[in-house]
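J.: Questions regarding the structure given below will be posed in turn.
Where a number appears in this text, it was derived from the coordinates with a stated rule and is not lab data. Keep in mind that this is a model prediction, so the values were computed, not measured. For neighbour counting, all protein chains shown are included, and Cβ atoms are generated from backbone atoms with ideal geometry for every residue, glycine included.
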Amino acid sequence: MKRSRTGKYAGLTLLGNSQASFPASPREARIETFPNPCPKRDFWIRIDSPEFTSLCPVTGQPDFAEICIQYVPDQKCVETKSLKLYLSSYRNVPSFNEAVVNRILDDLVTACKPRRMRIEGKFVARGGLSLSVVAEHPSGNNKPQDKLSC
């Protein structure tokens, strides 16, 4: 039985929608949010996406990564099915790893306006080198040694 959505959940169009499809690009994706159930308290939400894929803009080869999203919500939380579809939209997008992580941060901050957010992309080694990219909101003193890893 499908429940109708009214009120504060009326904007959630992807959750429970079996017809929802993978967007062709992040620009076409929709990141949905819902009201924070505890807006007076600071608490961290952590979402791990261990099977992220994008494309190298030079070689066209796939870049595989684990994307770790950590944030303290303000008034809105990110709905995870829409996030899954959004992240999958990078599969056919040629982008440098650094650009990918920073765009994810920008798009999520625009969608949910968190108090704090940290995105870490841990990209699989190529040619003997692995790459990790960390982007934070608000931007500030980003000393890698001071941060907890995903």
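J.: So between Lys113 and Ser139, what do we pick up on full extension, going 0.36 nm a residue minus the alpha carbon distance?
T.: Working it through step by step, the gained length comes to 8.0 nm.
J.: Below 12 Å, Cα to Cα, which aspartates and glutamates can Lys76 reach? Residues fewer than 8 away in the same chain don't count.
T.: Straight-line reach from Lys76, under 12 Å: Glu32.
J.: While we're looking at this one, here's another question. Excluding Glu79 itself, calculate the net charge of residues whose Cβ lies under 11 Å from the Cβ of Glu79, where each Lys or Arg counts +1 and each Asp or Glu counts -1.
T.: +3
J.: Just to confirm a number: summing +1 for Lys and Arg and -1 for Asp and Glu over residues other than Ala65 whose beta-carbon lies under 14 angstrom from that of Ala65, what do you get?
T.: Its environment carries a net charge of -2.
J.: Sum up the charges of everything whose Cβ sits under 9 Å from the Cβ of Arg116, counting Lys and Arg as +1 and Asp and Glu as -1, but leave Arg116 out.
T.: After counting each charged neighbour, the total is 0.
J.: Give me, ordered by chain and number, the residues 5 or more places off Arg115 or on other chains with an amide H under 5 Å from its own placed amide H.
T.: Val72, Asp74
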